[in-house]
Amino acid sequence: MFLFRGSHCMNLYIVTGASRGLGLGLARILAAEPESRLVAISRAGLPRDVRAWRDIRADLGVNAGQDLAAKAIRAALAAEPWRRAVLINNAGMLEPLGVAGQVDAAVVQHSVGVNLTAAIVLMNAFLVGARDVSACSVVNISSGSGRRPSAGSGVYCAAKAGLDMVSRVAALEVEAAGRAVTICSLAPGIIDTDMQVVARGATAAELPDVARFREFKSEGLLKSAAEVARKIIDLERAGKLPAGIADLREL
């Protein structure tokens, strides 16, 4: 953990899955901003060259890790009178791959924990803890896979569809409560991350559409994590992320 002085009325950003991929892209940008403090949550921790205010190590696929992360969020929100607070639920995993009947229950539970349960738990902790912050946003990183079925990735698709729906419900709830909080479940498009590596390395039996994922790479269709991270941050700050669900490629 690194401490910084003279930070009253700063921006607070909380990013899950911050050790790699899009999460790391977000962390690198936010950690470098003198007017922002970053709470990074991941299982592996940040690389040494990324300085976060708080670097929380937690396995979001299990109850203990979710509880630890929720406690860290509440503590961060209570630490200072923040000007702005943003939670970006980015942690995710593609596994288990395989068609119906070929997945292990424990792996399914862990995957749903990372992709859906953790986001719900942490969003709830954030919304309760941020009641006194005037400008708040929750960005739940979803996927186009939650909006259209893809053979071999049923668990991932189901979890992301659930994330879309819980985001829509939460957006209705904060609106009804008269709170100025934007909750958006955002599909970021196809990004050059480890998740794409997993997809490309799958067999056709595990992921029947594997050829399409390999084409994304060979045809240069993957966006860099840094590029996508920058766009998400800029859109959130400009108030251009809509409540409910959205696709970054359409914004």
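Rule-based calculations on the coordinates, nothing more; no lab input. Source: prediction; values computed, not measured. Virtual Cβ from ideal backbone geometry, glycine too; neighbours counted across all protein chains shown.
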Could you work out Rg/(2.2 N^0.38 Å) for the range 195-251, with Rg from alpha carbons only?
1.46
Can you tell which of A119, A75, A177 shows the greatest fluctuation in a Gaussian network model of the chain with Cα springs below 10 Å?
A177
Evaluate the Debye formula for the range 18-156 with equal point scatterers sitting on the alpha carbons, no solvent, and hand back log10 of I(q)/I(0) at q = 0.16 Å⁻¹, in q order, two decimals.
-0.85
Under 5 Å between amide H atoms, partner at least 5 residues away or on a different chain: which partners does S185 have, H built in plane at 1.01 Å?
N140, G244, I245, A246
In the chain, taking the dipole from +1 charges on Lys and Arg beta carbons and -1 charges on Asp and Glu beta carbons about the Cα centre, the listed residue (L248, A151, W82) farthest towards the positive end is W82
Simple SL model, points at 7 angstrom along Cα→Cβ for K231 and E35; separation in nm is 2.4 nm
Please report the equivalent ellipsoid semi-axes of the chain, computed as sqrt(5 x eigenvalue) of the Cα gyration tensor, largest first, in whole Å.
29, 19, 18
Check: C-alpha center the range 158-175 vs C-alpha center the range 35-113, spacing in Å is 18 Å
Want the number for D67 to R48: 0.36 nm per residue separation, take away the alpha-carbon distance, what's left?
4.3 nm
Show me 103-113, 188-198 ranked by packing, highest mean number of other Cβ atoms within 10 Å first.
188-198, 103-113
Amide H partners (placed H, <5 Å) of R37, local residues excluded:
N11, L12, Y13
How tilted is helix 154-176 with respect to the longest principal axis of the chain? Cα atoms for both, answer in degrees (0 to 90, nearest 10).
30 degrees
When the distances between all Cα atoms of the range 144-218 are binned every 5 Å from zero, what whole-number percent does each bin get?
3, 15, 19, 20, 14, 10, 8, 6, 4, 1
